[in-house]
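Asks: For reference, the structure I am asking about is given below.
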Amino acid sequence: MTPVVTPSVVTDSGLLAPGRAGSPAEAATGDTAFLRAMIDAETALTRAQAAVGQAPAEAADAVTEAAGHPFDVRDLALRARDGGNPVIPLVAELTAAVPGEWGAYVHRGATSQDIMDTAMMLIARRALGLILGDLDRTQRALAALAAAHRDTAMPGRTLTQHAVPTTFGLKAAGWRSLILDARDRLHTVRDSLPAQLGGAAGTLAAFEAYGEGDRDGQASASVAQRLVAAYAHETGLAVPSLPWHVLRTPIADLAGALAFTAGALGKTAADVLTLSRTEIAEVTEGSGGGSSAMPHKANPVRATLVAAAARRAPHLAASLYASMAAEDERPAGAWHAEWEPLRDLLRLVGGAARDAAELAAGLRIHPDTMREHLHLTGGSIVSERLSAALAPLLGRARARELLTTLAHRARDENRPLTELLGEEDELAGIDLAELTDPTRCTGSAGALTDRALERP
């Protein structure tokens, strides 16, 4: 049953976190969601024990029914200070809510970290499903943009300067490629998130003691192993190969995939922020945000929030990686240090995925402005192609020398490079108009875009 949660006077409404406020991932990772996940972990354990004969079916029913007990999140949080984690007061409350003799089957054989780790995996699995949905919305919108602008020429920029022509279609296809890479990583991680069950020191000793055939160690061990599989089945998580109290691969993999996703989304945001500058204006957000002081502004707010998430995510992931150096069979502080960064990371990426989907769906492209900008350097943007075309005629060294000289003159004299080339006797008879048309100098951009869009 879904737990009844008493509202708390202490709330986090996301006032300082507009990137995640109101996102599906925010709701899926809130205190109520974490409480639900911990209770789900506890009730799943009793049901799993019943499935392997370690508990009566009536006990499983009673514990599951007690999940509907009203829980006060704030009270549990305050009581968690005594033992250092919220599982301890939750177990006490849940046990008291189970009628009669069945209360003895709550949390039987488990340790707090079993429940907390399993709850974190449940939270992650649920949140990742929402994030993946938004990534799919984003990639579909970007695919449409890439196809529509397959041949829309624009300046390619390297080290902030015009380099050679490219196409907006190829740029959008590149954005989509990163989103698909993130999607694939998140799918892999989501499908491998394991339940946690090891008991006090990761040996399953208590579960063996409660198992069938207590006098036969082999039989008890078999029941304990079957219990782990049954527990994973009840939670919908993967079966762990070992208890992972101090083997934090699942957390590290999750952190890495989430940080990668934030960076992938951030690449699109960074480009949109650059291209939507007033003096560039090659793209604009569909519904820009306003300013408190300047009525004329339409700020690229969606891209701004995604970019902010991309800057924060690596540091949160670093905190989770740092917890891998965990001592003994269960550490003091290492797993405790994961809870808040993991929630923040899920919220951050969830909000960014939501904003990226809205950004991609509403992005407006301005091909005329892109075309105009291709001529800002007076034709020098096609110097690479000219160098290759003129080398057979003039020799490589002479072609480079001539183009370097004329490019500088074009800039200094504010004249088109085509005009200066036309004054050179050694270039008489060459179709300079075709060679200097930047829209014909995009190389294999169209074919590369087509290839990228073949990826499902």
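Asks: Arranged from highest to lowest average of other beta-carbon atoms within 10 Å per residue, in what order do the peptides 23-36, 69-82 appear? Write down the numbers at each step before the final one.
Replies: On the way: 23-36: 21.1, 69-82: 15.1.
So the order, starting with the most tightly packed, is 23-36, 69-82.
Asks: Once the convex hull of the alpha carbons of the range 320-456 is built, what does its volume come to per residue, in cubic angstrom? The partial results should precede the final answer.
Replies: Working: hull volume 34.4 nm³, N = 137.
Convex hull volume per residue, Cα atoms: 251 Å³.
Asks: Compute the length gained on full extension between Glu434 and Ala325: take 0.36 nm times their separation in residues and subtract their Cα-Cα distance, giving the result in nm to one decimal. Walk me through the numbers before you get to the answer.
Replies: Values: separation 109, 0.36 × 109 = 39.24 nm, distance 6.20 nm.
Separation in residues times 0.36 nm, less the Cα-Cα distance, equals 33.0 nm.
Asks: Something else now. Wrap a convex hull around the Cα atoms of the range 1-138, take a quarter of its surface area, and give that in square nanometres. Intermediate values should be presented prior to the final figure.
Replies: On the way: hull surface 38.0 nm².
Averaging across all directions leaves 9.5 nm² for the Cα convex hull.
Asks: Something else: Given a cut-off of under 8 Å on Cα pairs at least six residues apart, what relative contact order in percent is computed for the chain? Write out the running numbers ahead of the final one.
Replies: On the way: 713 pairs, mean separation 87.2, N = 456.
Averaging sequence separation for qualifying contacts and normalising by length gives 19 percent for the chain.
Asks: Under 19 Å from a label point 7 Å along Cα→Cβ of Ser387: give me every residue in the range 120-160 with its amide N that close.
Replies: Backbone N within reach: 155-160.
Asks: Let me know the charge dipole size of the chain about its Cα centre in debye, to the nearest 20, where only the beta-carbon of Lys, Arg (+1) and Asp, Glu (-1) is charged. Kindly include the intermediate steps, with their values, before the conclusion.
Replies: Working: 43 positive and 55 negative charges, 162 e Å.
Around 780 debye, computed over the chain.
Asks: If you take the alpha carbon radius of gyration of the chain and divide it by 2.2 N^0.38 Å, what ratio comes out, to two decimals?
Replies: Numbers: Rg = 29.9 Å, N = 456, 2.2 N^0.38 = 22.5 Å.
It is 1.33.
Asks: Label 7 Å along Cα→Cβ of Thr274; the range 158-175 residues with amide nitrogen under 14 Å?
Replies: 158-168, 171-172, 174-175
Asks: If you take every DSSP beta bridge fully contained in the chain, what fraction is antiparallel? Give it as a percent rounded to 5. All intermediate terms of the calculation are to be shown ahead of the outcome.
Replies: On the way: 8 of 12 bridges.
Taking every DSSP beta bridge with both residues in the chain, the antiparallel ones total about 65 percent.
Asks: Related question: To the nearest 500 deg cm²/dmol, what mean residue ellipticity at 222 nm is calculated for the chain from DSSP H runs of n ≥ 4 alone, each contributing -39,500 (n - 2.57), summed and divided by the residues? Show your work: numbers first, answer last.
Replies: On the way: 18 runs with 273 residues, N = 456.
One gets -19500 deg cm²/dmol as the mean residue ellipticity at 222 nm.
Asks: Follow-up. Pop out the ³J(HN,Hα) list for the range 420-434 in order, Karplus 6.51 cos²θ - 1.76 cosθ + 1.60 with θ = phi - 60°, rounded to Hz; leave Gly and Pro as x.
Replies: 5, 4, x, 8, 8, 4, 6, 10, 4, x, 8, 6, 6, 4, 5
Asks: Using the crude model of +1 on Lys and Arg Cβ and -1 on Asp and Glu Cβ, and no other charge, please compute the dipole size for the range 1-150 relative to its Cα centre, in debye to 20. Provide the component values of the computation, followed by the final result.
Replies: On the way: 12 positive and 17 negative charges, 151 e Å.
Magnitude of the dipole: close to 720 debye.
Asks: Moving on to the next point. Would you please give the residues with an amide H less than 5 Å from that of Gly379, counting only those at least 5 places away or on a separate chain, with H modeled from the backbone geometry?
Replies: Leu417
Asks: If I take R0 = 41 Å and measure r between the Cβ atoms of Ala96 and Ser192 in this structure, what FRET efficiency does the formula 1/(1 + (r/R0)^6) give, to the nearest 0.05? Each step should come with its number before you reach the end.
Replies: Values: r = 36 Å, r/R0 = 0.88.
FRET efficiency, Ala96 to Ser192: 0.70.
Asks: Can you compute the FRET efficiency between His375 and Ala21 using 1/(1 + (r/R0)^6), with r the Cβ-Cβ distance and R0 = 45 Å? Round to the nearest 0.05. Walk me through the numbers before you get to the answer.
Replies: Numbers: r = 43 Å, r/R0 = 0.96.
Given R0 = 45 Å and the Cβ-Cβ separation, E is 0.55.
Asks: Take Ser287 and Glu413, extend 7 Å from each Cα along the Cα→Cβ direction, and tell me the distance between the two endpoints in nm.
Replies: That separation, rounded to one decimal, is 5.3 nm.
Asks: Taking the Cα centroid of the range 331-358 and of the range 162-187, what is the distance between the two, rounded to the nearest whole Å?
Replies: Going from one Cα centre to the other spans 25 Å.
Asks: Just the projected area, averaged over all directions, of the convex hull on the alpha carbon atoms of the range 384-452: how many nm²? Don't skip to the end; give the middle numbers.
Replies: Values: hull surface 22.0 nm².
In nm², the orientation-averaged hull projection of the range 384-452 is 5.5.
Asks: Which of Trp335, Gly351, Thr304 sits farthest toward the positive end of the charge dipole of the chain, with +1 on the Cβ of Lys and Arg and -1 on the Cβ of Asp and Glu?
Replies: Among Trp335, Gly351, Thr304, the one farthest towards the positive end of the dipole of the chain is Thr304.
Asks: Per 10 Å bin, what is the whole-percent P(r) computed from every C-alpha pair distance within the range 231-387?
Replies: 10, 26, 24, 18, 13, 7, 2
Asks: Please give the helix 168-192 orientation as an angle from the longest Cα principal axis of the chain, in degrees from 0 to 90, rounded to the nearest 10.
Replies: It works out to around 10 degrees.
Asks: While we're on this one: Where the only charges are on Cβ atoms (+1 Lys, Arg; -1 Asp, Glu), what is the dipole of the range 99-172 about its Cα centre, to the nearest 20 debye? Walk me through the numbers before you get to the answer.
Replies: Values: 8 positive and 6 negative charges, 82 e Å.
With only Lys, Arg, Asp and Glu charged at Cβ, the dipole is about 400 debye.
Every number in this text was worked out from the coordinates using simple rules, so none of it is lab data. All of these numbers come straight from a predicted model, not from anything done at the bench. Glycine also receives a Cβ, built like all others from the backbone with ideal geometry; neighbour counts cover every protein chain displayed.
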